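For reference, the structure is listed below as structure tokens.
The values are calculated or read from the model by the stated rules, or taken from the named source; none is laboratory data. These numbers were taken from a predicted model, which means no experiment stands behind them. Note that we place each Cβ from the backbone using ideal geometry, even for glycine, and neighbour counts take in every protein chain shown.
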Amino acid sequence: MSSTQIEHPVGGQLASAISNGVVRLLRDYTGRGPTRARTHLTEDLVSVVLEDTLTKGETSLVADGETELVLKSRHAYQRTMSGDLISLVEQLTGRKVRAFLSDNHIDPDVAVESFVLEPRADDPANGNGSAV
């Protein structure tokens, strides 16, 4: 490998690295990370499913009927964190993120961070514009 090439984790190591990075970023931004994270990888999609994401304060707000306020706050975090999350996935996969989608569900407490990747340069279907 030349000194300009970067070795990226693959398979289970890649999924684990992405899960750990997303958990770390959520903890850094919100003060508490989720208790479970699982990354699913396909050719051009990375999806991270997170469970038990809400802070104690957010859980209290939900119990008092402030679900919309908690979701609005979580969406603000997602917008603020998007650059760091995208950078994490790009660095680990070695591919550019085309689109980032993020959402939370309150009951059950589940969140999803999804990253649509640019097609690989060596993909023969690259640029043909066909959809399945």
Worksheet item: Is there a residue in the range 103-114 that is in a loop (DSSP other than H, G, I, E, B), in contact with a helix residue (DSSP H, G or I) (Cβ under 6 Å, 6 or more places away or on another chain), modelled with pLDDT of 95 or more and not hydroxyl-bearing (Ser, Thr, Tyr)?
Response: yes
Worksheet item: Do you know which residues across the range 30-49 are modelled with pLDDT of 95 or more, touching a helix residue (DSSP H, G or I) at 6+ places or on another chain (Cβ under 7 Å) and not polar (S, T, N, Q)?
Response: 34, 37, 38, 41, 46, 48
Fill in: So residue 63, is it modelled with pLDDT of 95 or more, out of contact with any Pro (no Cβ under 7 Å at 6 or more places or on another chain), loosely packed, with under 14 Cβ neighbours inside 10 Å and small (Gly, Ala, Ser)
yes
Worksheet item: Any idea which residue in the range 16-32 is farthest from residue 100 (Cα to Cα), counting only those that are touching a Ser or Thr at 6+ places or on another chain (Cβ under 8 Å) and surrounded by 13 or more Cβ atoms within 10 Å (Cβ to Cβ)?
Response: 32
Worksheet item: How many residues, within the range 55-72, are closer than 17 Å to residue 102 by Cβ, in contact (Cβ under 8 Å) with a residue 12 or more places away in the chain and out of contact with any helix residue (DSSP H, G or I) (no Cβ under 7 Å at 6 or more places or on another chain)?
Response: 1
